[in-house]
Structure formats: C-alpha cells, structure tokens
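One structure is given here, and the rest of the page talks about it.
Nothing in this text is a laboratory measurement; each read-out follows from the coordinates by a stated rule. Just so we're clear, the structure is a prediction, and the values are computed from it rather than from any experiment. Note: ideal-geometry Cβ built from the backbone for every residue, glycine included; neighbour counts use all protein chains shown.
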C-alpha cells in the first residue's frame, strides 16, 4: 500500500504546484491588463495641444465631461472643479484664477488650461 499513497502524494503535489503556477500567471495577466487600461485612460492628459485648437469652456456652466476635455484634467479634477463651483457665491466663478484654490491645480496646470477657459461678463 505505501506505493499507492506515494503515487497519490506525488499527483497531489504536482496538481498543487501547477495550480499555483496557473494562479500566478492569471494574476500577472490581470495586473498587466489593469496597467494597460490605466495608461490608456491617462494618456489624453499628456497630449500636446495643437496651436489652432479653439476649444473653450465656460467655467460657470461646464459639466465634468466638458472639463475632462481640457489638457491635464481627468475625471477626479473635473469633479473637484464642479464641487468647488457649487460652494462659490451664486455658484459661479468671478475670476478664472480662483481655480488655483482647488487642490491639485497649481501654476503649471492653471497656465495650461487657462487659455481654454472663459467666463461670461457680468451684466
């Protein structure tokens, strides 16, 4: 009988070792897929803006989707801008440079997006 038990142990050890390898390979594949998706979703933030691009956003009416079209602005930052706007008097920006009070918008980001922002003149 020891031969049969030894054979069973060898089969079990082989199965466990191969299962572990398969699980590790699947984990690596899943990780690579997540990294690829993350890199693709962030690639639009670092693209060079053509000089003749005339896209402009009204800072007081822009949706998060519209703000995401700006360079260096992703979904999280767009949401921060909209939330900040909700807490302003009359829920409107009075000056574009108020954006610099939002966490994550420093001089570099502000200078990049400012040319694409407009505010209607008060009547």
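General remarks:
- Dimensions of segment 49-118 from C-alpha coordinates, computed as largest minus smallest value along each principal axis and given longest first, are 34, 21, 21 Å.
- Full extension of the chain between residue 103 and residue 66 gives 11.4 nm of extra length, using 0.36 nm per residue less the Cα-Cα distance.
- Ordered by the count of other Cβ atoms within 10 Å of each Cβ, fewest first, 68, 83 give 83, 68.
- Rough spin-label spacing in nm, given labels placed 7 Å along Cα→Cβ, for residue 56 and residue 79: 3.0 nm
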